[in-house]
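The values are calculated or read from the model by the stated rules, or taken from the named source; none is laboratory data. Quantities reported herein were computed from a predicted structural model and do not represent experimental measurements. So basically every Cβ, Gly included, is an ideal-geometry build from the backbone, and we count neighbours across all protein chains shown. Note: areas computed on protein heavy atoms with side chains; ligands, DNA, RNA excluded. Shrake-Rupley method; radii C 1.70, N 1.55, O 1.52, S 1.80 Å.
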Amino acid sequence: MSVTDLMRDRGSPPDTDYRPDGPVAEFEQLYRANFGLVLAYFARRTTDPQIAADLTADTFVAAITSFGTFDPRRGSPRGWLLGIAKNVYARHCENTSRARDAMARLGGRRALDIDEASELLVRIDDERSGRELLASLAELAPVDRGAVELVDVAGLTPKEAAAALGISAGALRVRLFRARAKLRNLFDHNRKGAK
């Protein structure tokens, strides 16, 4: 199914037919430019390639259904997508911890073929250091942890990260400074403890 078909199926108005400068082309460009970023976001959070693939797909489905409301004056597309990914992951964690809809989720998943699973396993393995960083970040406050992850791990600008977290750019910079200092102290403490 093409992006054009998906948008048409979602009830997009007829003027969204594919044009080189239309919304379908814009979304397709956004998808191609940020697929790896979103997949890496989930690969740092799970070792299951099926879950990483499903959460990435869920993020882009949410993005395509709300693409008409995206306002580039409020933040970058990358920040917007990572904000959606954060919400998708939060819902996933909530559903998993409460075991709601487990049978429906399992019944509706398409099994990955061997090549897809192998590719995702390589990607997940490549993100091992990111998972180790996230484990160390667990001791930080949620907003501090989000600031470090979005700026230092995902590569967003402080302005983009602030928009994704729903805080001002100034507040993000202060939180980022404090979080990095706490993280350095934590790493120093862990290194001394390991010796």
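Details
- Top-ranked residue in the stretch 75-118 [being of a type in the set (Lys, Arg) and modelled with pLDDT of 85 or more; ranked as surrounded by the fewest Cβ atoms within 10 Å (Cβ to Cβ)]: Arg91
- Filter result for Thr56 (open to solvent by 70 Å² or more (accessible area, probe 1.4 Å), out of contact with any strand residue (DSSP E or B) (no Cβ under 9 Å at 6 or more places or on another chain) and modelled with pLDDT of 85 or more): no
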